[in-house]
1. Out of all the residues in the range 57-72, is one or more in a helix (DSSP H, G or I) and in contact with a helix residue (DSSP H, G or I) (Cβ under 8 Å, 6 or more places away or on another chain)?
2. Name the single residue, out of those in the range 130-170 being of a type in the set (Gly, Ala, Ser) and closer than 20 Å to LEU100 by Cβ, that is farthest from the chain's Cα centre (by Cα).
3. I'd like the residue in the range 27-45 that is in a helix (DSSP H, G or I), touching a residue at least 24 places away in the same chain (Cβ under 8 Å) and among the charged types (D, E, K, R) and, out of all such residues, is surrounded by the most Cβ atoms within 10 Å (Cβ to Cβ).
4. Please determine, by comparing only the residues of the range 17-26 that are within 19 Å of GLU158 (Cα to Cα) and in contact with a strand residue (DSSP E or B) (Cβ under 6 Å, 6 or more places away or on another chain), which one is least open to solvent (accessible area, probe 1.4 Å).
5. Would you call GLY110 without any contact (Cβ under 8 Å) to a residue 40 or more places away in the chain and open to solvent by less than 40 Å² (accessible area, probe 1.4 Å)?
6. Is it the case that the range 48-56 has a residue that's out of contact with any helix residue (DSSP H, G or I) (no Cβ under 8 Å at 6 or more places or on another chain), part of a strand (DSSP E or B), among the basic types (Lys, Arg) and open to solvent by 10 Å² or more (accessible area, probe 1.4 Å)?
7. Looking at the range 108-118, can you tell me whether even one residue there is among the β-branched types (Val, Ile, Thr) and not in a loop (DSSP other than H, G, I, E, B)?
8. Only one residue in SER87, SER80 is part of a loop (DSSP other than H, G, I, E, B) and over 23 Å from ASP14 (Cβ atoms). Which one?
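The values are calculated or read from the model by the stated rules, or taken from the named source; none is laboratory data. This structure is a prediction, so every number in the text was calculated from the model and none was measured. Cβ placement follows ideal geometry from the backbone for every residue including glycine, while neighbour counts extend to all protein chains displayed. The area values use the complete protein model at the heavy-atom level, side chains included, leaving out ligands, DNA and RNA. Shrake-Rupley method; radii C 1.70, N 1.55, O 1.52, S 1.80 Å.
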Amino acid sequence: MHLDYEVAKPSDSDDIVRLLASVFSESEPPAVAMALSFRDMEQFLQLVVPRVLLYELTAISRSTDTGQLTGVLLTDDFASPPALDLSQINSNFLPILSMLEILDEQFRRGKSVSPGEYLHLYMLGVNGQFAGRGIGKGLVKAAVDIGRRKGYRMALTEATGRVSQHIFRTSGFADRFSVSYQDFVYENKVVFASIREHERAILMDRSLA
């Protein structure tokens with residue numbers, strides 16, 4: 001199977017929403033712990049994806065034979081993420097967003113974060129039919145190359161599972177900050193207590209120089 005890696009276009013939005021909604025509702029640790037369904041993820045992504053694609057930073061992969069979307073890595077500018085109306089999404093997203101914000105706040109501390117400097121990679125998803133073919137790592141490389149061409153000097157991600165953490169580490173990212181699933185408390189509840197196979201969410205970064 002041959003793959004094309006390219007910058008996602010607005011016309012790719014529906015395919016991206018379907019792929020990520022499927023992957024994340026089935027296997028992303030915090031989403032599964034919060035019982036977010038395909039429809040919950042779809043509603044969230046329909047708000048997020050069209051705005052993210054306007055940055056022209058998101059990498060996708062497609063089969064050259066069939067044109068089928070095989071993977072995606074949503075990417076935006078860490079200094080200016082798209083606005084999100086929290087009233088339009090399932091409230092079970094809120095603990096996840098809170099945990100990610102804790103990681104992001106630690107990263108921002110002591111830094112001047114300006115647009116055009118920090119490439120923000122998140123929501124890496126690969127179509128299950130094509131798992132084990134190196135597509136995840138290929139998407140990271142493609143997104144990093146896109147960011148480098150646009151003048152970004154650093155890349156960061158919040159990786160929430162062991163597979164994505166391994167992919168990013170082998171792509172040159174280093175662990176910086178983490179949140180333990182067993183210790184994270186949201187509104188007096190250990191909301192991620194059911195996550196057993198994955199220990200923590202990790203913010204990781206690398207230089208693009």
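1. No, that holds for no residue.
2. GLY147
3. ASP40
4. LEU20
5. It is false that GLY110 is without any contact (Cβ under 8 Å) to a residue 40 or more places away in the chain and open to solvent by less than 40 Å² (accessible area, probe 1.4 Å).
6. No: the range 48-56 contains no residue that is out of contact with any helix residue (DSSP H, G or I) (no Cβ under 8 Å at 6 or more places or on another chain), part of a strand (DSSP E or B), among the basic types (Lys, Arg) and open to solvent by 10 Å² or more (accessible area, probe 1.4 Å).
7. Within the range 108-118, none of the residues are among the β-branched types (Val, Ile, Thr) and not in a loop (DSSP other than H, G, I, E, B).
8. Exactly one residue qualifies, and that residue is SER80.
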